[in-house]
Every structure is written in structure tokens, then in C-alpha cells.
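Structure record follows, encoded as C-alpha cells.
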Amino acid sequence: MNIPKLALDGSLPLWRDGAPEPDGVHAQTPPVLLPFLLESTAPAGAVIVCPGGGYSHLAPHEGAPIAEMFNRAGIAGFVLHYRLAPHRHPAPLWDLQRAIRLVRLHAKDWKIKPDHIAVLGFSAGGHLASTAVTHFDGGNAQAPDSVDRVNCRPDAGILCYPVISFGTFGHHGSMVNLIGENPPEPLRMSLSNELQVTHETPPCFLWHTANDQGVPVENSLQFAAALSRCKVPYALHVFPTGPHGMGLAANDPVVGAWSGLCVRWLKALGF
């Protein structure tokens, strides 16, 4: 199998002939993956990182620094530049699902364990990651594109101060950018991911701060409760205080512990 060729900037286009346009909006900036691979010869787990930004932009401090942190722990990383407004659902989800399929298809080439691929997201990127762990398929065996034949179920989810709900505690701006100001009720409910957890949802790691003013902690609490009801393994860490959008939180000795906790949780899963 041929290893996909990277662009001059080191990125990997998700689609060779251009991304599908479910919303009729042409992508001025095509969705890409930025690989952060390991030099080790032994296969390792991988994490696909989705930066936050309200589905309007991507926060730089929630991208490359996170993948580099996982590299230091012996885990491969990929940063996903997914489509943003004016693109609407399902374009961002298709981008993440395509990224999972690509990484799994080329796992041997990149020395990655194909059954140890996690998705991680911050804030609205956390909504995207939580959508991926609750909306997935086994691939289309009849698809002409070999990537589309691959299963897109993540093996783990890491949700960092995530937007989960488009209900009472949801983030209105993220919802508007993704599905519009007054979305149809079935669509709004289908993307309120605390309502979409099943026993097939993979294990998840969540963290939040209790006084997050941007995205209420209830988003993580409700998702964790849904995981518990479905008996899906999870870890939930709620830190006492800290603003929204902390990323690695390297300057906070309390909240900054999340990355080490996360790595140990992944290692326990075999990553």
C-alpha cells in the first residue's frame, strides 16, 4: 500500500480530489491532517486532535502542542484542520471520520496500532470528538475509495472542557455555526451527544473546570452520566477553578495535571 504523500507544509489532504460538499459550500481551505509521528519501530497508539474555536476558527494552542505532548509520552499524534463555518454539519464530522479511516488504513505504514486510535477535542472540538464517539459506522465494503471501506469508530475519546449539548447547557455560538440559529429539533437532538451514548460508545476521558464560564461543566457531567448509564468505562476530572480554553494548562499546577492523568489512562488501555 502506498503511503500518502504529504504537502510541502507537511500536511496530509484528507481527500485526494477535494472534500465532498454536503452543504454546497466550497472549501477555500481544504481539510487536512498534520502528522506528528514517532521514530520508534514499535507500533504505538495514536490520538487525532481537534482544536476548539466554536466551529469558527481553530485555536493554535490546542493543536500542535497537544500532539507534541503525546509524542513525548510515546503516542503518535495528528492534528485535524476540519472545516468551519460557513460549512455546516456534517462537513466537520465527515472530516474527522475520514481522518480516523485514513490513520487506520495506513496504521502499518505509520507504525500505529490500528485498534488504538483515539480522538481528542477541546471545547467545540470536543463536541466534534464526542460526535465521532457516538456517530460512527463500520465502513462501506462496496465503496470505490479504499479509505471509505474502513471502520471509523474511535477506540477512545478524550473530551477537554467539551461542548456536548445543544440543549439547556449548550454553547449557542457553536450550535449556530454548525447547524444554524433555529435548527430542526431532530437535528439539534441528534447532535446533543449526551443523548446519543450507547453501549458501543468507546471509553472516554473527560476533564473540565467547575467554574468554566464559556462552556458549563454540566456538559461533561451529563456526558459522563450517560456513559455510566450505558456502562461505558470513563474517567472524569473536574478541577475546582480555571478559565475556559486552558489547553495544556502548563502554568496551572492543578489543572495542568490533566495531561499526565490522560496519558496514564491511555497507557492503561494499551496505547
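Before moving on, here are some points about what is shown:
- For the criterion of being at pLDDT 95 or above, assigned to a loop (DSSP other than H, G, I, E, B) and basic (Lys, Arg), residue 153 passes.
- Put simply, of 143, 118, 85 the only residue that is under 21 Å from residue 185 (Cα atoms) and outside any helix (DSSP H, G or I) is 85.
- Only residues that are part of a helix (DSSP H, G or I) and in contact (Cβ under 8 Å) with a residue 24 or more places away in the chain were counted across the range 162-174, and they come to 2.
- Conditions (1) outside any strand (DSSP E or B); (2) crowded, with 22+ Cβ neighbours inside 10 Å; number of the one not met by residue 17: (2)
- Neighbours by Cβ (under 9 Å, 6+ apart or cross-chain): first from the range 237-249, within 14 Å of residue 52 (Cα to Cα); second aromatic (Phe, Trp, Tyr) and in a loop (DSSP other than H, G, I, E, B): 244/161; 245/161; 246/161
Results for (1) crowded, with 20+ Cβ neighbours inside 10 Å; (2) basic (Lys, Arg); (3) in contact (Cβ under 8 Å) with a residue 24 or more places away in the chain, shown as yes or no for each residue.
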{"residue": "52", "(1), (2), (3)": "yes, no, yes"}
{"residue": "57", "(1), (2), (3)": "no, no, yes"}
{"residue": "64", "(1), (2), (3)": "no, no, yes"}
{"residue": "69", "(1), (2), (3)": "yes, no, yes"}
{"residue": "72", "(1), (2), (3)": "no, yes, no"}
{"residue": "75", "(1), (2), (3)": "yes, no, yes"}
{"residue": "78", "(1), (2), (3)": "yes, no, yes"}
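- Residue satisfying all of: in the range 131-151; of a type in the set (A, V, I, L, M, F, W, C) and under 12 Å from the mean Cα position of the chain (by Cα); surrounded by the fewest Cβ atoms within 10 Å (Cβ to Cβ) among these: 132
- Test: residue 228 is more than 20 Å from the chain's Cα centre (by Cα) and under 29 Å from residue 249 (Cβ atoms): yes
Okay, residues lined up against (1) part of a loop (DSSP other than H, G, I, E, B); (2) surrounded by 23 or more Cβ atoms within 10 Å (Cβ to Cβ):
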{"position": "176", "(1), (2)": "no, no"}
{"position": "182", "(1), (2)": "yes, no"}
{"position": "188", "(1), (2)": "no, no"}
{"position": "206", "(1), (2)": "no, yes"}
{"position": "211", "(1), (2)": "yes, no"}
{"position": "214", "(1), (2)": "yes, no"}
{"position": "220", "(1), (2)": "no, yes"}
{"position": "228", "(1), (2)": "no, no"}
{"position": "231", "(1), (2)": "yes, no"}
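- Sole exception among (1) within 30 Å of residue 166 (Cα to Cα); (2) more than 9 Å from the chain's Cα centre (by Cα); (3) without any contact (Cβ under 8 Å) to a residue 60 or more places away in the chain for residue 102, by number: (3)
- Qualifying residue in the range 32-49 (condition: at positive phi and of a type outside the set (Asp, Glu)): no
- Residue among 35, 31, 4 that alone is under 30 Å from residue 270 (Cβ atoms), modelled with pLDDT under 95 and buried (at least 17 other Cβ atoms within 10 Å of the Cβ): 4
- All positions within the range 157-168 that are in contact with a Leu (Cβ under 9 Å, 6 or more places away or on another chain) and surrounded by fewer than 23 Cβ atoms within 10 Å (Cβ to Cβ): 167
- Residues that are at negative phi, part of a loop (DSSP other than H, G, I, E, B) and within 21 Å of the chain's Cα centre (by Cα) within the range 251-271 comprise 269, 271, listed in sequence order.
The values are calculated or read from the model by the stated rules, or taken from the named source; none is laboratory data. Note that this is a predicted model, so its numbers are computed, not measured. Don't worry about glycine lacking a Cβ; one is built from the backbone with ideal geometry, like all the others, and counts go over all protein chains shown.
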